[in-house]
Amino acid sequence: MESFSTLLRTASREQHEEVRGSTFIGDLLGRKLGIDAFARYTEQLWFVYGALESGARRLVADPVAGPFVRPELFRMAALERDLEYLRGPGWRRTVSALPATLEYAERITACARSRPADYVAHHYTRYLGDLSGGQIIRDTAERNWGFAKKGDGVRFYVFEEIPNPAAFKRTYAELLDAVPGGELERQRIVAECKRAYGLNNAMFEALGEEFPLTATRSGQVSVPDGPGRRPRSIRPAGARSGSGSPSPG
Ligand code: HEM
């Protein structure tokens, strides 16, 4: 019989391809968007991981989700260093979640409270993605915006305490394979994983709306200047204008 980890990967392949091919990610990595868009995405991640990691702390002793709570995965400290670098020391005053991000974070929190198996689906979708495709994003971001290799701005993508990601992912697959419960439970986790991808997609769509590319007559694309938007810049600095509620999870 197919292992659960394999089932989860194959069952969510289509959703993975969808997020991977999202316009926002394509524009960001294709260097069509500036560092401001990258910083805005990093802000959204702060809310998502706030929910994931406050949920994790609550679930340490849970028989289903507990084994997945691995401090070496925690991303909040890295995200906060990145945001300080990208937005400046006052970043907490200006950081704000998009409605789609809030919806995503709320779903994670609800799962952590009442459906630990569904929480596992969210855990898998983000952390395994960060350990895999996240490395491609880091590499591209370093080249696009001149971040120091594995340094400030991209620390979120650097798992200092996981020297061998391939081995870690194998252990993680074993944890997935050992999740208690029958076929029905597994199907539920698969469904929640697809939902997690959908929530990521909605977040990317919202980011895409905030950072649209407009086609010019010559067929080239340009980034429009708008209220609250700084011109594309290679230098990350200072706080962004705008209001926000600085409280993830
Ligand atoms: C530029 C965007 C992305 C690229 C290029 C990318 C690429 C990849 C690649 C190459 C793998 C396979 C790694 C391996 O076999 O070890 C992978 C795995 C994965 N990615 Fe992505 N990815 C991207 C975005 C995302 C996003 C946004 C998510 C979720 C929100 C995600 C979630 C995952 C997950 C959960 C896995 C692990 C699959 C498994 O082994 O079970 N990826 N990604």
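Which stretch or stretches of segment 73-92 have amide N atoms under 12 Å from the point lying 7 Å from Glu161's Cα along the Cα→Cβ direction? Under cut-off, by backbone N: 73-78. Taking only the Cα atoms of the chain, the radius of gyration and Dmax are 18.2, 59 Å.
Using the Kyte-Doolittle scale, which helices in the chain average at least -1.0 and also have C-alpha atoms spread 24 Å or more along the helix axis, with helices defined as whole DSSP H runs?
On the way: long enough: 35-59 (35 Å, -0.02); 183-210 (41 Å, -0.59).
Answer set is 35-59, 183-210.
Simple rule: put +1 on each Lys or Arg Cβ and -1 on each Asp or Glu Cβ in the chain, find the dipole, and look at Leu33, Phe68, Leu102; the Cα lying farthest toward the positive end is Leu33.
Express the Stokes-Einstein translational diffusion coefficient of segment 102-210 in µm² s⁻¹, to the nearest whole number, given a Kirkwood radius over alpha-carbon pairs, 37 °C and a viscosity of 0.692 mPa s.
Numbers: Rh = 15.6 Å.
After rounding, the answer is 210 µm²/s.
Estimated at 0.36 nm per residue, the fully extended path between Ala77 and Asp139 surpasses their Cα-Cα distance by 20.3 nm. Within the shell of other residues whose beta carbon sits under 9 angstrom from the beta carbon of Val179, the net charge comes to -1, with Lys and Arg scored +1 and Asp and Glu -1. A simple charge model with +1 on the Cβ of Lys and Arg, -1 on the Cβ of Asp and Glu and nothing else charged puts the dipole of the chain at about 660 debye relative to its Cα centre.
Which whole-number percent gives the relative contact order of the chain, counting Cα pairs below 8 Å spaced six or more residues apart? Before the final figure, lay out each step's value.
Values: 309 pairs, mean separation 95.0, N = 249.
Taking the mean separation of contacting Cα pairs over the length of the chain, I get 38 percent.
A dipole drawn for the chain from +1 and -1 charges on Cβ atoms has a positive end, and of Ala56, Ala78, Ser12 the residue lying farthest that way is Ala78. For the chain, the longest piece that avoids every one of the GluC sites (Glu not before Pro) found in DSSP loops with at most 13 other C-beta atoms within 10 Å covers 3-159. Helical runs (DSSP H, four residues minimum) scored at -39500 (n - 2.57) apiece and divided by the length of the chain put the mean residue ellipticity at 222 nm at -18000 deg cm²/dmol.
Here, each number is a calculation from the coordinates, and none is a lab measurement. The model shown is predicted, which means the values in this text are computed figures rather than measured ones. Every residue, glycine among them, receives a Cβ derived from its backbone with ideal geometry; neighbour counts consider all protein chains shown.
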